[in-house]
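Below is one structure; the comments refer to it alone.
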Amino acid sequence: MPDINTQIIEEKTQKSLDKHYEVWYTGTGSKRFDLPDEPSGRGLVAPVTIRDVAEYAGVGVGTVSRVLNDNPSVSDATRQKVLAAIESLDYTPNPIARRLSLRKTLAIAVIVPFFTRPAFTERLRGVEYALADSEYDLILFNVETTTKRDTYFNDVPRRERFDGLLIVSLSPRNGDVEHLLQAGVPTVLIDARHPHLSRVVIDDVAGGRLATQHLIELGHRKIGFVGDQLDNPFNFISSRDRYEGYRQALVEASIPFRAQHHRQAEHGREPARQMASDLLATSDPPTAIVAASDTQAFGALEAARDAGLRVPGDLSVIGYDDIEIAEYLGLTTIRQPLFALGVEGVELLLDSIANPPSAPRRVLLPVELIVRGTTAPPT
């Protein structure tokens, strides 16, 4: 397919218009074209073109194009002259022509599961923030079923549709990664991992260990854990890693692991409430609970209330994520930098688009213990 020269198209369009209409500037970022037999002020309105900017600034169309594309070959004086003309004429570049001239889509795709969940929403806020001052549009693909995940993994990564791809919390399988690499679309994982793709992650094993160590240091020895299903169709790994950290902390403190103190179920406040209720109803209930997320910690707090237990007097609860409402409820939790994960993911992706890395890159962000009012020594 031959290249499309947007300058030629604009020039031909202008010549055609000039044959039929008298042209002048209105000072509002548009040109008014009066029909020959119509009184002034009743004509058609068309947007200012790149040629108009060039004529106003006294430069060539190519120079205006180079300024719009931030080409360093343009002198500062000429650049300022063109920018002044753009401002005076209120010129807005044609987005389609711009994409054609840059040979880019100027779009970034994001595949994210259950994006209405607070932790995912916060990551997306970081993504949107990082893209706000860029030239890229954000296209969101929400995954709520494994079928939709597989469809997006196969259909979204196409170079003619997107310049880059972010995948949030969905660790791709080997076959998925092979397809992504063949598509040639720069891809970055956020809160997910695969050795052949660049990624921005936290150490969830360390986070789970930190949460459990906090309870151990308070004097707890009977510590329960409520989290997601360890084997799940979406291949979520965060809850599994936090559970591994919990197990490691018990071993390091020479505390025997009790299988009856572990519960796993579908993610959500109500499932966590049921899991915690089951733990508290056992013959030897835990004095503290590690929850794999703040949402699940809220369910544990409700279970304690249902059982007539005081928190933290009778039961300590610690969450994970530090979503906004956690502070309001006084929840002790492990803070992961949700917003920063989104920001760092975008920055890594944009850098990969501009400068393709020779090998996958890994950015590791820290976690932090936030002590509030739901943990205390056992009574």
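The values are calculated or read from the model by the stated rules, or taken from the named source; none is laboratory data. No experiment lies behind these values; they were computed from the predicted model shown. Cβ placement follows ideal geometry from the backbone for every residue including glycine, while neighbour counts extend to all protein chains displayed. Heads up: the accessible areas ignore ligands, DNA and RNA and are worked out on the full protein's heavy atoms, side chains in. Shrake-Rupley method; radii C 1.70, N 1.55, O 1.52, S 1.80 Å.
Observations
- Rg(Cα) / (2.2 N^0.38 Å) computed for the stretch 123-206, rounded to two decimals: 1.09
- For the pair Asp306 and Arg125 in one chain, pulling the backbone fully straight at 0.36 nm per residue adds 61.7 nm over the alpha carbon distance.
- Alpha-carbon centroids, the stretch 172-230 and the stretch 297-357: separation in whole Å: 14
- Counting only protein chain heavy atoms and rolling a 1.4 Å probe, the accessible areas of Leu341, Leu124, Leu364 rank, largest first, as Leu364, Leu124, Leu341.
- Protection proxy ranking, peptides 312-320, 252-260, average beta carbon neighbours within 10 Å, highest first: 312-320, 252-260
- Site pair Glu244 and Arg258 shows an inter-label distance of 2.6 nm when each label is modelled 7 Å from Cα along Cα→Cβ.
- If you take all other residues with their beta carbon under 13 Å from the beta carbon of His220, and give Lys and Arg +1 and Asp and Glu -1, the sum is +1.
- Rounded to 0.05, the FRET efficiency of the Asn154 and Glu347 pair, given R0 = 30 Å and the Cβ-Cβ distance, is 0.65.
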